[in-house]
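Chemist: If you scroll down you'll find the structure; I have some questions about it.
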Amino acid sequence: MCGIVGYIGVSQAAPILLDGLSKLEYRGYDSAGIAVYDGENIKVQKAIGRLKVLSEQTHDGATMTGMAGIGHTRWATHGAPSNQNAHPHFNQEETIAVVHNGIIENYLKLKKHLEGKGYQFVSDTDTEVVVHLLDYYYKGDPIEAITRVMHRVEGSYALGIMFKAHPGILYAVRKDSPLIVGHGKDGNLIASDVPAVLKYTRNVYFIQNEEIAVLSEEDISFYNVDGEEITKESTTIDWDINAAEKGGYEHFMLKEMYEQPQTVRDTLNPRIKDGTIDIEELGMSEDEICRIRKIHIVACGSAYHTGVTAKYVFEGIARIPVEVDLASEFRYRNPILQQDELVIIISQSGETADSLAALREAKNRGIKTLGIVNVVGSSIAREADKVMYTWAGPEIAVATTKAYSAQLVAEYLLAIKFAQIRGEITDTEVASYLKDLQKLPEQIEMLLSNKEKIQHFANRYISAKDVFFVGRGLDYAISMEGSLKLKEISYIHSEAYAAGELKHGTISLIEEGTLVAAVVTQEALYKKTISNIVELTSRGAFVLAVTNTGNTEIEKAADYVIYIPQTNRWFTNSLAIIPLQLFSYYVSVGKGCDVDKPRNLAKSVTVE
């Protein structure tokens, strides 16, 4: 949600701000704005809609001169999209400018207090409270004013701040919303995420909660909430800068789908050594793994769906009981957590607000936590007791593809290793599992190479109003992800159901021509699922089946069949998802939707 960029250095700031914001468009937004110090005053330009509107208004930044500035892409929370509500926000004298990602939970109380002091508000946002509060506390020392504001506001925030009285300095502060600082040879930057700074530097600092960063053209210093200077170590980002560009593909989503084979290799290969799985990175002893009584998997969206898959795999291979929770529900149901249980938090960004809150809830209760994340140095990576990286590289499209595939593979590896250590499987079985895992990248490539068949089928359903996804066992887990992919990028209503539940109400929704995607990869459940397909077609449904090569029996029941290569039954979701991703993508393209930036959605949900 929202994106922040700031720059101070020897170059013109506005073009750098616009470029950085363009790398954060995946975060979701409905308006944008930049503020630049021109040598005399802080000038602001805002626009409703896509960033290109702001770029056109400023002639790609050329009309806003100055070498220090802050920028923002806003997703409306308090107040509708408008120029008044867009960031940056000023104090009344226009001497302080602020951009903000997050939510100030006590803003109404603070707003009433400030109005009593004579402050006038021109927007509906919670952010304007911050800039007026800074003005109220500012007595010549920006650090003192910022720390006093930090003690007053409640909620989450990442802030970029400019003071007209201190033109050669940018200020940044965060609490529960992501913010990094980049140190470049021609200047220094702040940003919500790494892709915004990769063009200018690979040396970044990850600001932790309640830390303040002070940037000048050459220097960076850090302070805690009490205004005391602290030292921090920088991190070198080794992402290929081309990974954050489209590279000739029409959309980031298509590019990232085609990166899945390499993503799976990168997640697997460093962890398979001498014919076994090496997860020493976790720092978990064999005794610690053997003592695990239960696993709680907590995640949101697609990461949650990988957790549903992981439940079947952990319980089936390692025989460890698993509960899977939506992170937004986890702590509010007051979960029963006991010693020798493990809470696994799954998040692509490592900054998902609900997932981070669930992690902290588990830690507060003394329960061990393991984060499966993609972003090095993210909040979940730093705060979890153990961390396992997925090495998917930057994922720009809002709808996840390669990060989802990497998470699945990471969970397979954990389940197999835990099972081996606990004596649930033999070394021979481990070798067989690893052989099938190492085939996955090539098999995914093969499925991607057959996209024309799926593209042709997708063109028939561009005008669909409702689509249902069904499956049993692991196939139900993948149906959930297939349904989410379709609805989030094509805006077609879709739902996923366990196939056995169809008779308990859902089948009443089926009418002539309704498309149903049936996933049928679990051999022990072939016959039962085929019976469900017959029930559907007899009521007029058109059934697309995704099944294993060799299951030709299904052709008698389904109307259209897509075959996936043979693999171990526990790993079929890594293959079955590919045609479902391609189907959703081509339906969305056919409808003319904004594939990479679906309406109302953000890549990283950093507020509750």
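The values are calculated or read from the model by the stated rules, or taken from the named source; none is laboratory data. Every value quoted in this text rests on a predicted model; they were computed, and no experiment measured them. Note that we place each Cβ from the backbone using ideal geometry, even for glycine, and neighbour counts take in every protein chain shown. Please note that ligands, DNA and RNA were not included when accessible areas were found on the heavy atoms of the full protein model with its side chains. Shrake-Rupley method; radii C 1.70, N 1.55, O 1.52, S 1.80 Å.
Chemist: Extension gain GLU218-LYS591, at 0.36 nm per residue separation less the Cα-Cα distance, in nm?
Modeler: The GLU218-LYS591 span can extend by a further 129.4 nm.
Chemist: I've got another one for you. Apply the a/c threshold of 1.5 to the C-alpha gyration tensor of the stretch 63-142 and tell me whether it is rounded, prolate or oblate.
Modeler: oblate
Chemist: Another question about this same structure. Size of the stretch 493-558 along its principal axes in angstrom, Cα-based, largest extent first?
Modeler: Sorted largest first, the three principal extents are 31, 20, 20 Å.
Chemist: Okay, moving on. Between GLU93 and LYS556, how high is the FRET efficiency from 1/(1 + (r/R0)^6) when r is the Cβ-Cβ distance and R₀ = 56 Å? Nearest 0.05.
Modeler: Efficiency, rounded to the nearest 0.05: 0.15.
Chemist: Report the antiparallel proportion of the DSSP beta bridges in the chain as a percent, rounded to a multiple of 5.
Modeler: Antiparallel bridges: around 60 percent, rounded to the nearest 5.
Chemist: Let me ask another. Using a 1.4 Å probe on the protein chains only, how many percent of the accessible area of the chain belongs to carbon and sulfur?
Modeler: 46 percent
Chemist: Starting from 0.36 nm per residue, how many nanometres of slack lie between ARG365 and GLN339 once their C-alpha separation is accounted for?
Modeler: Once the chain is fully extended between ARG365 and GLN339, it gains 8.4 nm.
Chemist: Which three numbers, in whole Å and largest first, are the semi-axes of the equivalent ellipsoid of the stretch 473-604 derived from its Cα gyration tensor as √(5λ)?
Modeler: 24, 18, 13
Chemist: For the pair ARG460 and ASP238, how long in nm is the line joining their label points, each one 7 Å along Cα→Cβ?
Modeler: Each label point lies 7 Å from its Cα, and together they span 4.7 nm.
Chemist: On a full-extension model of 0.36 nm per residue, what is the gain between SER508 and VAL10, subtracting their alpha-carbon distance, rounded to one decimal in nm?
Modeler: Additional length available on full extension: 172.7 nm.
Chemist: If you put +1 on each Lys and Arg Cβ and -1 on each Asp and Glu Cβ, how big is the dipole of the stretch 287-349 around its Cα centre, in Debye rounded to 20?
Modeler: I would put it at about 100 debye.
Chemist: Bin all alpha-carbon pair distances of the stretch 102-230 at 5 Å intervals from 0 and give each bin's fraction as a whole percent.
Modeler: Cα pair-distance distribution for the stretch 102-230, in percent: 2, 11, 20, 22, 20, 13, 8, 3, 1, 0.
Chemist: Also, quick follow-up: Tell me whether the stretch 35-82 comes out rounded, prolate or oblate; compute the Cα gyration tensor, take square roots of the eigenvalues as a ≥ b ≥ c, and use a/c under 1.5 as the rounded threshold.
Modeler: Oblate, since a/c reaches 1.5 and b/c is not below a/b.
Chemist: How many Å² of accessible area per residue for the chain, probe 1.4 Å?
Modeler: 38 Å²
Chemist: Based on the alpha carbon coordinates of the stretch 101-162, what radius of gyration and maximum Cα-Cα distance (Dmax) apply, in Å?
Modeler: Here Rg and the maximum Cα pair distance are 10.9, 28 Å.
Chemist: Give the long-range amide H neighbours of ILE372: residues separated by 5 or more places, or on another chain, with amide H under 5 Å away, using H modelled in the peptide plane at 1.01 Å from N.
Modeler: Hits under the 5 Å cutoff: ILE345, ILE346, SER347, MET388.
Chemist: To the nearest 0.05, what FRET efficiency results for GLU210 and ARG291 with a Förster distance of 22 Å applied to their C-beta separation?
Modeler: 0.05
Chemist: Using a cut-off of 18 Å between alpha-carbon atoms, which aspartates and glutamates can reach LYS527, once sequence neighbours fewer than 8 places away in the same chain are excluded?
Modeler: Cα-Cα hits under 18 Å: ASP475, GLU501, GLU535, GLU553, GLU555, ASP559.
Chemist: Follow-up. Mean 1/r over all different Cα pairs, inverted: what Kirkwood radius does the stretch 469-528 give, in Å?
Modeler: With all distinct Cα pairs of the stretch 469-528 included, I get 11.9 Å.
Chemist: Further question: Given a Förster distance of 22 angstrom, what is the FRET efficiency for LYS164 paired with ASN203, based on the Cβ-Cβ distance and rounded to 0.05?
Modeler: Taking R0 as 22 Å, the efficiency between LYS164 and ASN203 is 0.15.
Chemist: Please report the projected area of the stretch 314-392's Cα convex hull averaged over all directions, in nm².
Modeler: Spelled out: convex hull of the Cα atoms, projected over all directions, averaged, 5.3 nm².
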